[in-house]
Amino acid sequence: MIDEMQEPRNLVSIEDLGRDGILEVLRESETFVEVASRRMPKVPALRGKTVATVFFEKSTRTRLSFEMAAKRLSADTLTVDISASSMSKGESLRDTLETIDALGVDAIVMRHHSSGAAVQAARWVKACVINAGDGQHEHPTQALLDAFTLREAIRSARGTDVEDLDGCRVAIVGDIRHSRVARSNVLALSALGARVTLVGPSELLPVSVEGWPIEAATEELDAVLASTDACYVLRIQHERMADAGLSDLREYRRSFGLTVERARGLAPGAWIMHPGPLNRGVEIDSQVADGPNSLIRAQVRNGVPVRMAVLFRLLGRSRDIEEVIGDGRG
Ligand code: NCD
């Protein structure tokens, strides 16, 4: 019998999953990729469940892909528009979340500008909390879809179904210090055996990398390109330029932008990744972002099956995956 208490309740950090949990999510994501290829890409796995997306920051791909994932699992969805909610009348975060919880939703997918907001939310509500980005802390589902996408690329390049990312050399480039995407990716990719190097101006690298499971942190992008299997470019935020001791975006682009010229220094076949949204012509050139080695579109596409796997893991656990996805093949 399944012990309810043993089931995972929230996904706040990649650390909630550990290596085995990550691999399980990736395995189940593959099942949902198969579902997506069906003529009718919808399964009754979460019928009767309700998923609320509560975003306090702007988002396109993350919110839409969570909503699409929930709908493809036959869950009902609620989109909470914060600007139109009572929070704009001064209601506290806690009251807002408790109100949504009291409606009886099963999961709250939340994005918030404060680091730690998702941990706090999980203490207040009965619903499962999925962190869709909290301040500078974590963005676990982004890292899961990135790991899935990278593994898919390795599998197709090698023609063999590798289980993890063992030995894959990944350079994460940009504003590491303030990036929840970088933090979750370091944890997820390294747990799967990837060798991660952080690259950026010293002011945008972590103050200390002690305890970070990485190979190195460096300011020299050109020096790492040739020995990189995947170059993961982060979005640069205009408001961070001053923090980085840079006068403008052009200066950033000159030293850290993945321009067409700089990308020539990459090993042949090295993959390009970016979580979006892209500042074309700043941290990455269009020709690189849209080139043959870019995984950026695949990252977006994989967001849906990976988030289906996460929702299913938290809300549909007592059900057998094979049973609920049925045999709609064909
Ligand atoms: C990221 C985010 O908001 O954390 N985007 C995303 O979710 N795909 C990265 C960013 O905004 O720079």
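The values are calculated or read from the model by the stated rules, or taken from the named source; none is laboratory data. Not measured: the values here are computed from a predicted model. Positions of Cβ are backbone-derived with ideal geometry, glycine not excepted, and every protein chain shown enters the neighbour counts.
Annotations for the structure displayed:
- Test: residue in segment 21-41 that is surrounded by 14 or more Cβ atoms within 10 Å (Cβ to Cβ), away from the ligand (no atom under 16 Å from the Cβ), in contact (Cβ under 8 Å) with a residue 12 or more places away in the chain and hydroxyl-bearing (S, T, Y): yes
- When residues of segment 1-20 are limited to those that are assigned to a helix (DSSP H, G or I) and modelled with pLDDT under 95, the one surrounded by the most Cβ atoms within 10 Å (Cβ to Cβ): E4
- Top-ranked residue in segment 140-183 [being assigned to a helix (DSSP H, G or I) and of a type in the set (S, T, Y); ranked as nearest to the ligand (Cβ to nearest atom)]: T141
- Picking from residues in segment 200-223 that are aliphatic (A, V, I, L, M) and more than 16 Å from the ligand (Cβ to nearest atom), the one that is farthest from L17 (Cα to Cα) is A223.
- Of all residues making up segment 55-83, the number that are within 11 Å of the ligand (Cβ to nearest atom), hydroxyl-bearing (S, T, Y) and part of a strand (DSSP E or B): 0
- Residue pairs whose Cβ atoms lie under 6 Å apart, sitting 6 or more positions apart in sequence or on different chains, and linking a residue in segment 227-254 that is farther than 23 Å from V186 by Cβ to a partner that is among the hydrophobic types (A, V, I, L, M, F, W, C) and within 16 Å of the ligand (Cβ to nearest atom), are L249/V282; R253/V282.
- Of the helices (runs of 4 or more DSSP H) lying entirely inside segment 269-330, those containing at least 1 residues that are closer than 30 Å to V224 by Cα are 286-289, 296-315.
- When T62 is tested against the conditions (1) in contact with a Gly (Cβ under 8 Å, 6 or more places away or on another chain); (2) over 28 Å from E163 (Cα atoms), the lone failure is (2).
- Among the residues of segment 129-155, the ones that are more than 19 Å from V300 (Cβ to Cβ), in contact with a His (Cβ under 6 Å, 6 or more places away or on another chain) and either buried (at least 24 other Cβ atoms within 10 Å of the Cβ) or without any contact (Cβ under 8 Å) to a residue 12 or more places away in the chain (or both) come to 1 in all.
- The single condition among (1) modelled with pLDDT of 95 or more; (2) closer than 25 Å to F66 by Cα; (3) not aliphatic (A, V, I, L, M); (4) not in a strand (DSSP E or B) that D222 does not meet is (2).
- Some residue of segment 271-283 being more than 16 Å from the ligand (Cβ to nearest atom) and either under 22 Å from L150 (Cβ atoms) or within 22 Å of the chain's Cα centre (by Cα) (or both): yes
- Pairs where the first residue, in segment 171-191, is farther than 19 Å from N279 by Cα and modelled with pLDDT of 95 or more and the second is of a type outside the set (A, V, I, L, M, F, W, C) and near the ligand (Cβ under 9 Å from one of its atoms), C-beta under 7 Å, 6+ apart: S184/H139; S184/Q142
- Any hit, segment 248-258, residues being surrounded by fewer than 19 Cβ atoms within 10 Å (Cβ to Cβ) and touching a strand residue (DSSP E or B) at 6+ places or on another chain (Cβ under 8 Å): no
- Yes/no for E239 being within 14 Å of the ligand (Cβ to nearest atom) and not hydrophobic (A, V, I, L, M, F, W, C): yes
- For I100, the requirement of being surrounded by 14 or more Cβ atoms within 10 Å (Cβ to Cβ), touching a Leu at 6+ places or on another chain (Cβ under 8 Å) and part of a strand (DSSP E or B) is not met.
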